[in-house]
1. Can you tell me how many residues within the range 117-131 are out of contact with any Phe, Trp or Tyr (no Cβ under 9 Å at 6 or more places or on another chain), without any contact (Cβ under 8 Å) to a residue 12 or more places away in the chain and part of a helix (DSSP H, G or I)?
2. Specify which of the listed residues (Phe103, Phe94) is aromatic (Phe, Trp, Tyr), more than 26 Å from Tyr140 (Cβ to Cβ) and in contact (Cβ under 8 Å) with a residue 40 or more places away in the chain.
3. Every residue in the range 116-151 that is among the basic types (Lys, Arg), under 15 Å from Gly52 (Cα atoms) and exposed (fewer than 15 other Cβ atoms within 10 Å of the Cβ), please.
4. Looking at Thr16, Thr39, Thr24 in this structure, which one is in contact (Cβ under 8 Å) with a residue 12 or more places away in the chain, surrounded by fewer than 15 Cβ atoms within 10 Å (Cβ to Cβ) and β-branched (Val, Ile, Thr)?
5. From the list Ile113, Ile84, Ile48, Ile73, which one is surrounded by 12 or more Cβ atoms within 10 Å (Cβ to Cβ) and assigned to a strand (DSSP E or B)?
Amino acid sequence: MPQSVAQIYLHIVFSTKNRERFLTGADLRQRVHAYLAGTCHNLACPAIEIGGVEDHVHVLCRLGKSESVSDLIRELKRESSKWIKGQAPQLADFYWQSGYGAFSISPADVPRIQEYVRNQEEHHRTVTFQDEFRRICHKYGVELDERYAWE
């Protein structure tokens, strides 16, 4: 077949280093999410929804046919980290954690995950990042080694 096609949806989750609450204020989070969406676009991995709270983000996107998951996430973190550090003096020490979660999503589940990502602020009024990540890993059958999960 001479044409290459792909339709792979990803739900990506990663935290700030040590879950520091760097992303305070709805305006900053909105700008970070928009920056992440632009980076996804530049990598031919269109963002569907990006959300999060002070200490982590969720990215729902389509994986481009020439991009690997690890390369996409490395670039998302690298580009956004540089940009965030330049936004205010108190963000100069900003870092993302080195790890991440990346989960494949069925096309039929995209609307549900999109809504979930969109409602992160409401969701995290009662659920911590750690509990949320444990639940997501359990749902997808991923064994989480907590000795290395929470840097």
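1. The total comes to 2.
2. That would be Phe94, the only listed residue that is aromatic (Phe, Trp, Tyr), more than 26 Å from Tyr140 (Cβ to Cβ) and in contact (Cβ under 8 Å) with a residue 40 or more places away in the chain.
3. Once the filter is applied, which keeps residues that are among the basic types (Lys, Arg), under 15 Å from Gly52 (Cα atoms) and exposed (fewer than 15 other Cβ atoms within 10 Å of the Cβ), the range 116-151 yields only Arg125.
4. Selected residue: Thr24, the only one of Thr16, Thr39, Thr24 that is in contact (Cβ under 8 Å) with a residue 12 or more places away in the chain, surrounded by fewer than 15 Cβ atoms within 10 Å (Cβ to Cβ) and β-branched (Val, Ile, Thr).
5. Answer to the selection: Ile48.
Laboratory data are not the source of any read-out in this text; all were calculated from the coordinates shown. All figures in this text were calculated on a predicted structure; none of them were measured in a lab. Neighbour counts are summed over all protein chains in view; Cβ atoms, including those assigned to glycine, are modelled from backbone coordinates with ideal geometry.
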